[in-house]
Amino acid sequence: MNLQAVWSIYRSEMRRFFRTITQSLISPVLSTSLYFIVFGAAIGSRIQEVEGISYGAFIVPGLIMLSVLTQSISNASFGIYFPKFIGSIYEVNAAPVSFIEIVLGYVGAAATKSMFIGLIILGTAFFFVDLTIQHPAAMVAFLTLTCISFSLFGFIIGLWSKNFEQLQLVPLLVITPLVFLGGSFYSISMLPEGWQTVALFNPVVYLISGFRWSFFGMADVNIAISLMMIALFLALCLGIIWWTFRTGFKIRS
C-alpha cells in the first residue's frame, strides 16, 4: 500500500475544499438553516409532533441526510472528473499506484468533507431545536457509512460523466427527489398503506430510517434491514469501481 500516494491525493482534495470554503461549507449550512426556519417554524406550527417527537427535531436527521448525500456525490464526482477534464488522470494512471490507493485518496477526501458538513449541520440544529441523541455511536456509524457509500457512488458518476452537466444530473434529478420522498420530513407511517409499500422501494428510506433511529430510538424500517441495505449498496459501488478500473472503461479512452 502506497500510503504516500493516498495522502497526496487526499491532501490535494482537502486543500481544494478549504480554498472554496464558501461554496463547499457555508452554502450547504445556510441552505439547511433555511429548511429549519421554513419547515420547523412554518410547518412545525401546524404539525406539533410526529410519533411523540417535536416536528422541528424530527426533521433534523432527514435534513442532515439531504446535505450529506448531495455533498458526498458532488465532492467525489467533481474530484475525479476534474483530473479527467484537464488530462491529469493519465498521469495518475501512469504513476505506481493501484486503483485502491486512488479510490482511498479521492473517496476518503470526499467522505471527510461530507462528514464535516454533516457534523456542522448537526451542531447548527441545536440552535433551532431541543435535540437529544439516544445512540451517538450508531449515529456516527450511520453517518460514516452513508458518507463513504455515496462518495463511492459519486466517484462512479465522475468516472462515467462526459461533461459537467452530467455531474449534476443524478444529484438533482435522482437523489434530491428520493430524499424528499424518503421520509426526510415525515414518517412513512403517515402515508396511506399502498404508498407505504411503494416507499419501501426507495433506498433512501432505509438510510433516513436508520439514522433517525440513532437519534430517537424509533424507525420506519427495522434497523438490521437498514444496515443490510447500506452494506449492499456499499458492496455494489465497490464492485462497479473495481470493474471500471479493471477494464479501463471511461478512464483510458
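Nothing in this text is a laboratory measurement; each read-out follows from the coordinates by a stated rule. This is a predicted model, so every value here is computed, not measured. Using ideal geometry, Cβ is built from the backbone for each residue, glycine included, and neighbour counts are taken over all protein chains shown.
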Hey, could you get me the Stokes-Einstein D for the chain, Kirkwood radius over alpha-carbon pairs, 25 °C and 0.890 mPa s, rounded to whole µm² s⁻¹? 130 µm²/s
With axes computed from alpha carbons, what is the tilt in degrees of helix 99-125 against the longest principal axis of the chain, rounded to the nearest 10 within 0 to 90? 30 degrees
With Cα coordinates, the longest principal axis of the chain makes an angle with the long axis of helix 223-247, in degrees rounded to 10, of 20 degrees
Please identify, among I240, I59, I73, the residue showing maximal mean-square fluctuation in a Gaussian network model of the chain using a 10 angstrom Cα cutoff. I240
Taking N as the number of residues in segment 60-200, what is its Cα Rg relative to 2.2 N^0.38 Å? 1.20
DSSP loop trypsin sites (Lys or Arg not before Pro) with at most 11 other Cβ within 10 Å excluded, longest remaining stretch of the chain: 47-161
Restricting to DSSP loop positions (anything but H, G, I, E, B) with no more than 10 other Cβ atoms inside 10 Å of their own Cβ, which chymotrypsin sites (Phe, Trp or Tyr not before Pro) remain in segment 144-253? F201
Rounded to whole Å, sorted largest first: equivalent-ellipsoid semi-axes of segment 152-236, Cα gyration tensor: 26, 16, 11
